[in-house]
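First up is the structure itself, then whatever we jot down about it.
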Amino acid sequence: MRSRYDVVAIGHLDKGRIIKGERAREGVGGAVYFGGIVLARLGLRVAVVTRLAQADAWMLEELKNSGIDVFPVWTEESTGIENYYPDPDSDFRHCRPLGFAGTFRPGDLPEIQGRLYYLGTVMAGEIDLAFLRAVAARGPVALDAQGCLRALKDGELVTDGWDWAGEALPHVCYLKVDDREARALTGEEERGRAARQLAARGPVEVVLTHHGGVLVLAGGRVYQAPFRPKSLAGRTGRGDTCFSAYLARRLQGASPQEATKFAAALTTLKLERPGPFRGTVAEVERLAASL
């Protein structure tokens with residue numbers, strides 16, 4: 001292996017479109033975008049491995065400008081998702097695919113090493129079991145299950161089943177789900193019980209986000225902290241931001257309780273502004289102290 005990183009983030013970038021009410025804007029999204037920038041802003045050494053069309057190489061610039069090393073795999077087209085919020089102040093959205101950059105293969109992994117490998121998926125088919133096993137053979141895995149459950153039905157991406165979850169979860173150290181995904185995987189409405197069911201399948205720590213905040217199960221204990229944004233102007237990327245903030249703090253030695261409060265505070269600030277988190281650690285710590 002050549003370079004060593006704190007986190008190697010792997011996933012598609014989203015050449016996306018966000019529509020809120022009657023207002024639309026285009027831009028970059030995806031877990032490795034929102035999450036990668038958080039990790040870098042918190043002082044970690046980050047690499048991003050992604051698949052995209054060479055014509056869309058411009059999407060890599062903000063990652064590079066954030067101090068992230070990027071390892072692209074060139075494909076025929078880039079992944080894209082349209083997120084439509086009928087009510088700009090609501091948490092509810094419709095998701096429609098605009099393109100797909102293809103499934104990651106073990107050969108896409110560069111010869112680099114990470115303390116943690118963060119699989120930030122955005123839609124089904126992005127990773128498969130063979131790729132997950134190849135990543136887990138290198139080191140601990142953090143997985144956002146969103147893409148594994150986000151299937152295409154009637155032209156829209158919806159939270160659906162994940163038929164290889166039973167084989168996948170034993171390879172995962174940190175698992176992130178939202179409340180809808182947790183319910184789809186467990187059939188359980190109560191968040192704490194859902195997290196415990198998921199942890200029983202293999203993950204050491206489970207991070208579960210919902211509209212009101214974040215719940216973490218770690219070491220058999222449940223920790224919770226609220227989101228308290230003044231607006232939802234930056235709703236897209238909420239889960240990616242929260243998970244990456246939690247992972248960063250855990251890698252930096254914080255306890256699960258401390259990391260939960262920090263992640264909720266950072267996510268609160270991100271929710272108020274479109275785009276990735278661009279605040280400071282001091283801002284986050286001040287807010288975390290009040291949660």
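Just so you know, all these numbers are worked out from the coordinates, no wet-lab data involved. Predicted model only: the values in this text are computed from it and were never measured. A quick note on method: Cβ atoms are made from the backbone with ideal geometry, for glycine too, and the neighbour counts reach across all protein chains shown.
Overview of results
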read-out	value
Choice from THR268, THR260, THR103 showing the highest fluctuation, given a GNM over the chain with Cα pairs closer than 10 Å	THR103
Translational diffusion of the range 196-265, µm² s⁻¹ [Kirkwood Rh, Cα pairs; Stokes-Einstein; 25 °C; 0.890 mPa s]	199
Largest to smallest principal axis extent of the C-alpha atoms in the range 38-172, angstrom	42, 37, 32
Antiparallel %, DSSP beta bridges [both residues in the range 62-191], to 5	55
Fraction of beta bridges assigned by DSSP in the chain that are antiparallel (%, nearest 5)	45
Whole-angstrom gap from the range 232-250 to the range 49-96, using each part's C-alpha centre	16
Given 13 as the ceiling on other Cβ atoms within 10 Å, longest exposed-site-free region of the chain for trypsin sites (Lys or Arg not before Pro) in DSSP loops	3-229
Among PRO72, PRO97, PRO110: highest mean-square fluctuation, GNM of the chain, C-alpha pairs under 10 Å	PRO110
Taking only Cα atoms of the chain, radius of gyration then Dmax in Å	17.3, 49
Full-extension gain in nm, ARG25 to GLU76, via 0.36 nm per residue minus C-alpha separation	16.0 nm
Ranking of PHE262, PHE243, PHE92, PHE227 by count of other Cβ atoms within 10 Å, fewest first	PHE92, PHE227, PHE262, PHE243
Cross-link partners of LYS20 among aspartates and glutamates (Cα-Cα below 19 Å; sequence separation of 8 or more within a chain)	GLU82, ASP87, ASP89, ASP91, GLU156, GLU272
